[in-house]
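A.B. asks: Once you've had a glance at the structure underneath, I'll fire off some questions.
The values are calculated or read from the model by the stated rules, or taken from the named source; none is laboratory data. What you see is a predicted model, and the numbers here were worked out from it, not measured in a lab. Heads up, the Cβs are rebuilt from the backbone with ideal geometry, glycines too, and the neighbour counts pull from every protein chain shown. Quick note on the areas: whole protein, heavy atoms, side chains included, nothing else; ligands and nucleic acids left out. Shrake-Rupley method; radii C 1.70, N 1.55, O 1.52, S 1.80 Å.
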Amino acid sequence: MRRLVFATFAVLAMSAVAPMFASQPAPVAVTPITYRVTFPEPEHHWMQVEMTVAGLGATPFKARMSRSSPGRYAVHEFSKNVFSVEAFNGKGTKLASTRPDIDSWQVANHDGTVRIVYKIFGDTPDGTYMGVDTSHARMNMPAAFMWAQGIEARPIKISFAPPQGLNWKIATQLFTTSEPWTFTAPNLQYFMDSFTELADLVISEFTVQNTDGTPVKIRLAAHSDGAQADVDELAKLVQPMVREHMAVFGEFPKYESGNYTFILDYVQWGDGDGMEHRNSTAVSSPGLSLKTPQGRSQALGTISHEYFHNWNVERIRPAGLEPFDFTRENTTCCPWLAEGFTQYYGDLLLRRAGLSPRVPVNYAVGVINGAGRQVRSAVQMSEHAPFADAGVSIDANDRARTFISYYTYGAAIALGLDLSLRELSNGKITLDDFMKLMWKDFGKPGGSAPGLVARPYTLRDLRAELTTLTGNKKFADDFFDKYVEGRDVVDYARLFKLAGYELRGSNKGGWAGSVAVQTVGGGLLVGMSGGRGGGPVTKTPTAFNSPIYKAGVDFGDIIASIDGQPATMDSWAALSTKPAGTSVKLGITRRGGLAATGTLVLEADPALTVVDVAAAGGSLTEAQKAFRDAWLGTKAK
Ligand SMILES: [Zn+2]
């Protein structure tokens, strides 16, 4: 109860500083929607959920599963694992339910109260789905819980009844109550954001100071091979890391649940994932050991990425994700910023904290040479996310030549913008200042209730913020026109020199394109892999404008001859020894047997590497040393 009182107070306080929401009515006391979660047979990988909704009046009640989940872009159809659904009225009389669509259960003729009881299977204990066994119950809420459509603003109360004798504890950002296994959420959006794990967790906590002097409690809850001392060791690494994160934005967010929790699961039978939430994150990596320094160091990569998200995407949130629509895919302009900038900073802040030697420079190479850049910009890659992020359609796709991950693309843009700002301002303005400004204008204002963001940003807002930051509209417009909404790349070669890095070409000729071939009857089969032993066939289209594409060859073709001789793996490999500009005659057999010819004109291999001049035995100028210190050195006080 104490937390709920606090939450209501916080709502009023936020309304005072967010005038656009000041006219909203104060929350009315309504009966919370209640859930009771039990685990009668965890060894069979299902749990039982009872959802009770009262105060419904006379209208038919619709309960539904989500189709999508914040942080994932594809639809996941979470209703597929639900079974044995039963509905009752307030007196316990069983009621009939109908299925208006595959995600929903509708109940009419109730007495104002409906209790739905269902079972749900799960064995994917990552950040996206759910998994139940005798070691744990790990649940992404949209994957596990039906919700009451039309009354999403109602508060929620949830109780868990863990199995006897398994010593389970709980990690969640749900609000605690006086009952140890009962929690609350102020509304559906917050509830769905509140990833929960029950397991024999090892918990380690530390407190850091916020800029205003208030304490910020950070918790690690680990289901792993680690003993208390191991998780404490990990916490010792996380502590300097969170200080570097805070230094970027200038302050920690206010964690509505009273603390921030890293919900870590490293069991062998898990699935790798990292999922951001407002006051917590769900991180999993199968078999990672917390017993060794290497394992703990390895854990930091995802931990750092996810922690950055509690500012960037959870509170500094792109339009299109806010409020999240659980009934469909949610598209947005800006995973290149929400994910890509987070990727860049995830690496950079480990470096600043002295926890990793890695400098995030290689993302540039993936974008400069990424085939997809010929047809899609960073914004268009972002809009493609619902197909690329665990999209489940099984037909052939051409992402090999039309898509670059918005993680890579966005991280390269972050790198390019950071270096460009430093160059433009002689080091006075950096990407940290851009993030601080975004925090001040979009993140910090908060929302009308925990779980809501009042002012999501648009692409236009980002451009305006860059203009405000630099006082240079031409720079901001150029940057967005060319590198964000256009398909040009930042001049990394020039910018790298400022920090003592070099972008080096391969100096190799004889490049036919990025293409895999394999020996088959009649020659070399292009761009096909797998398919043997019943596995799926992967078809890899040849990249637009690559030499092999221009020679008229694509996946499924067989290269029958090279310069009149039967094509073999050896003769194919020998092409790489010929100089760029060499012309080669290909005999091609198409699907269905049509014979064709093509001219393959070899080009210089465009492969690039980023070289650290100092590490390669060269010496840095004083200016380069100063640039590196300002960029990569600690900012935490
Ligand atoms: Zn992310």
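A.B. asks: Once you list every other residue whose beta carbon is under 15 Å from the beta carbon of residue 619, what net charge do they have if Lys and Arg are +1 and Asp and Glu are -1?
C.D. replies: Net charge around residue 619: 0.
A.B. asks: Right, here's the next one. Counting heavy atoms of the protein chains only and a 1.4 Å probe, report the per residue accessible area for segment 494-631 as a whole number of Å².
C.D. replies: Per residue, segment 494-631 has 52 Å² of solvent-accessible surface.
A.B. asks: Now for a different question. Rounding to the nearest 10 and keeping the result within 0 to 90°, find how far the Cα-based axis of helix 342-352 lies from the longest principal axis of the chain.
C.D. replies: 90 degrees
A.B. asks: What is the distance in Å between the Cα centroid of segment 251-266 and that of segment 382-427?
C.D. replies: 27 Å
A.B. asks: Shifting gears a bit: Can you list the lysines whose alpha carbon sits under 23 Å from that of residue 80, skipping same-chain ones fewer than 8 residues off?
C.D. replies: Partners within reach: 62, 119.
A.B. asks: Additional query: Measure up 428/637; 497/578; 91/157; 254/291; 473/637 against 22 Å on the Cα-Cα distance and list the ones that go over.
C.D. replies: 497/578; 254/291; 473/637
A.B. asks: With the Cα gyration tensor of segment 234-303 giving a ≥ b ≥ c as the square roots of its eigenvalues, does the rule (a/c under 1.5 for rounded; else a/b larger than b/c for prolate; else oblate) give rounded, prolate or oblate?
C.D. replies: oblate
A.B. asks: Sticking with this one: For a quick check of understanding: with a 1.4 angstrom probe and all protein chains in place, what accessible area in square angstrom does residue 491 have, to the nearest ten?
C.D. replies: 70 Å²
A.B. asks: Across the chain, what fraction of all alpha-carbon pairs, as a whole percent, falls in each successive 20 Å bin from zero upward?
C.D. replies: 17, 46, 30, 7, 0
A.B. asks: What trypsin sites (Lys or Arg not before Pro) does segment 319-375 have in DSSP loop regions with at most 14 other beta carbons within 10 Å?
C.D. replies: Of the trypsin sites (Lys or Arg not before Pro), the ones in loops of segment 319-375 whose Cβ has at most 14 other Cβ atoms within 10 Å are 328, 358.
A.B. asks: As I understand it, the value is the acute angle between the Cα axis of helix 459-470 and the longest principal axis of the Cα atoms of the chain; what does it come to in degrees, rounded to 10?
C.D. replies: Its long axis makes an angle of about 80 degrees.
A.B. asks: Share of segment 135-243's accessible area from carbon and sulfur, percent, 1.4 Å?
C.D. replies: Of all accessible area on segment 135-243, carbon and sulfur atoms account for 52 percent.
A.B. asks: So what's the net charge close to residue 289: Lys and Arg +1, Asp and Glu -1, counting the other residues with Cβ under 15 Å from its Cβ?
C.D. replies: -2
A.B. asks: Please give the direction-averaged projected area of the C-alpha convex hull for segment 264-385, in square nanometres with one decimal.
C.D. replies: For segment 264-385, the mean projected area of the Cα convex hull comes to 9.2 nm².
A.B. asks: Let me ask something else. Using protein chains only and a probe of 1.4 angstrom, how many square angstrom of residue 206 are accessible, to the nearest 10?
C.D. replies: Roll a 1.4 Å probe over it and residue 206 shows about 20 Å².
A.B. asks: Going by alpha carbons, how many degrees (0 to 90, nearest 10) lie between the helix axis of 293-309 and the longest principal axis of the chain?
C.D. replies: Around 70 degrees separate the two axes.
A.B. asks: Just how far, in whole angstrom, is segment 193-232 from segment 41-76 if you go by their alpha carbon centroids?
C.D. replies: Rounded to whole Å, the Cα centres lie 28 Å apart.
A.B. asks: With a sphere of radius 13 Å drawn around the Cβ of residue 171, what net charge do the other residues whose Cβ falls strictly inside it have (Lys, Arg +1; Asp, Glu -1)?
C.D. replies: -1
A.B. asks: Counting only heavy atoms of the protein chains, get the accessible area per residue of segment 98-253 (1.4 Å probe) and round it to a whole Å² value.
C.D. replies: About 33 Å² of surface per residue is accessible.
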